[in-house]
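Let me begin by presenting the structure, written as structure tokens, before commenting on it.
The values are calculated or read from the model by the stated rules, or taken from the named source; none is laboratory data. These figures come from a predicted structure and were not determined experimentally. Please note: Cβ atoms are built from the backbone with ideal geometry, for glycine as well, and neighbour counts cover all protein chains shown. SASA here: full protein model, heavy atoms, side chains in, ligands and nucleic acids out. Shrake-Rupley method; radii C 1.70, N 1.55, O 1.52, S 1.80 Å.
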Amino acid sequence: MVARRVGRGLRWAGRWAGRAARHEWSLAVLAGLLLAVALTWPTLRDPAGAIPQDTGDPTLQAWQIAWGGHALLTDPARLWHSNTFFPEPYTYAYSDTLLGFAPFALVGEGPVAAVIRYNLLYVLTHALAFVGAYALARQVGAGRAGAAVAGASFAYAPWKLAQAGHLHVLCVGGIALALAMLARGHGWSLRHGYRPDRVRPGWAAAGWAVAAWQVTLGFGIGLPFAYVLALLCLTVATAYALTWRWRRTRPAVPRGLLLADLAGATGFAGVTLLMAAPYFEVVARHPAGRRTVAQVEMFSPPVRGFLTAPPESWLWGPRHEAARATLGFPGEMTLLPGVVLVALALTGLVFSAWRLRHRLALAAGVLVSLALAAGTTFGGDGDPGYVTLVRHVPGWDGIRTPGRLVLWTTLLLGLLAAGALTVREPAPAGRRDWRRAARAALVLPVLLVLVEGVNRTPHVPVPAEPAALRGVRGPVLVLPLGGVRDYHVMLWSTDGFPRTVNGFASFTPASQRRTRDATLGFPDVASVAYLRAAGVRTVVLLPRYAAGTPWQDAAARPTDGLGIRREQVADGLVYRLDP
């Protein structure tokens, strides 16, 4: 008897597992993962020793993720006061933090683990972008092929290849996924409008939670998303009020949905304000950290930038070399969303499953997002224009690279394209074979979009942690100090997270400038006295990196009479400054 029950249970579990494996969303997630591995290759070929694009920002972000996990595990109260830029506070807020990825850092320690973690997240963010946009397109009423085009373009648009070294820019999947969940929770789609019987408060709450998580990945992408959500809420509230006034009856809103929205929006606002507080503190302490209109103007792309692909694009990179040469800052100005995507979106303006008013709304969104992504190129440096947002919208002055807003252009173009590839009416019985063939042909646009996303991104070796830094006791100063090399020092500091003077950001704190100036002659009486007074107890000199810097002959300088101990460790020198 027991054996029969066990057998029935196993058969039921097997059938359930089989149905789950064949379910659309299981297949979508699997496709997203497989595409991510293939289209980011060779990232996973050597996840411990190489990193995409370069060893600048990616090593910084590997440290950021690692520090978030370390702080949450050891001392959450000191999360924003990281181990770098000693003795400055709030140093974790010197750039976008990727705090939302901190749970991944609860596993593994040290620089190698940080690099592996970064590479895995680099691949997974592409998968999330595909799945998120696919889910959004499906929720608003697109067919599978149209949704696949929306997902593929959002994850692998040519412009994103230029951002291969900026994980916080690639992490946009939460935006599309949150919008999909919110739309599902509110029972709304482009094809069917609002359907009260489809309202699901749980999905709405989940959408707000994902939106809050997206903000924790960085304000460069999260802040415009927060304003988009605010505008959507304002639009819904206005429509509700107008409907009430015109029809003289109050539209029914399910109590559960209202509570989910109130709780979700409150939680989202709370997370946003908590994330913003340390950034306001940093700007108050370091006015040089505030973005200026001149910086925004420097990164604002010309119109031709939206038609130009980065060199990392396998298909368009070599063909657009001459066009890139005319751009002032190609890394932030090569913003091609995709030739196939644009063609499909234009087709979607004429032939689409979406109603005309929805097509026009999507097209208007494309134009507005393009104008914003152009920065000061559209409207100049006066009012009204992009500068109006910089001057008057809270937090907008922190966005110095407006071209990244093209992510909204890409998402909206994807929805227009999805409408063009969606069959609106069921086929008559006699034409089902023809309709199957047509659906099979819809695979071609998906493949063409993916071809435009094939990369030529370089994957470079990560500098290994010098033996002299292993187990070093802080506060420590690593020489040479300053420049992009400090990114590597930050990564190496994940070995125990000693407090470190080194650090690199878009501005240099006054204390670090003073330390640099005071230690140009290290080791000498003045520099040793200064470092002791500042609380620095260890100095590590890395001669192999010192060539061409003021410390290139520091290894040969005498230490007699300074009261310090010097030790040779492999190819580095460790100076102990104990009193």
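A few comments on the model shown:
- Estimated 222 nm signal from helices in the chain, with DSSP H stretches of n ≥ 4 weighted -39500 (n - 2.57), rounded to 500: -17000 deg cm²/dmol
- Residue-count net charge about L577 - beta-carbon cut-off 13 Å; Lys, Arg +1, Asp, Glu -1: +3
- Gyration tensor (alpha-carbon) shape descriptor, segment 287-354, a/c threshold 1.5: oblate
- The chain: relative contact order as a whole-number percent, Cα under 8 Å and 6+ apart: 18 percent
- Net +/- balance of residues flanking A93 in space, Cβ distance below 11 Å, scoring K and R +1, D and E -1: -2
- For the chain, carbon and sulfur atoms together expose 64% of the accessible surface, with a 1.4 angstrom probe and every protein chain in place.
- Pairs of Cα atoms in segment 56-132 fall into 5 Å distance bins, from 0 up to the last occupied one, in shares of 3, 16, 26, 25, 16, 9, 3, 1, 0 percent.
- Accessible area (Å², per residue) of the chain, counting only protein heavy atoms and a probe of 1.4 Å: 46 Å²
- Each peptide in 58-69, 367-378, 215-226 receives the mean, over its residues, of other Cβ atoms within 10 Å, and ordering these scores from highest gives 58-69, 215-226, 367-378.
- Kirkwood-based Rg to Rh ratio, the chain, C-alpha trace: 1.03
- Packing, taken as the mean count of other beta carbons within 10 Å per residue, orders the peptides 142-148, 50-56, 31-37, 488-494 from highest to lowest as 488-494, 142-148, 50-56, 31-37.
- Positive minus negative residues near E465 (Lys, Arg vs Asp, Glu; Cβ under 15 Å): -1
- Amide H to amide H distances under 5 Å link V569 with V574, where only residues 5 or more positions off or on other chains count and H is placed in the peptide plane.
- Among 567-577, 553-563, 394-404, 502-512, the order from most to least packed when residues are scored by Cβ within 10 Å on average: 394-404, 502-512, 567-577, 553-563
- Mean Kyte hydropathy of -0.5 or more with a Cα span along the axis of at least 24 Å, helices from DSSP in the chain: 57-74, 110-139, 219-247, 255-285, 356-373
- Other-chain or far-sequence residues with amide H under 5 Å of V478's (modelled H): V501, N502, V540
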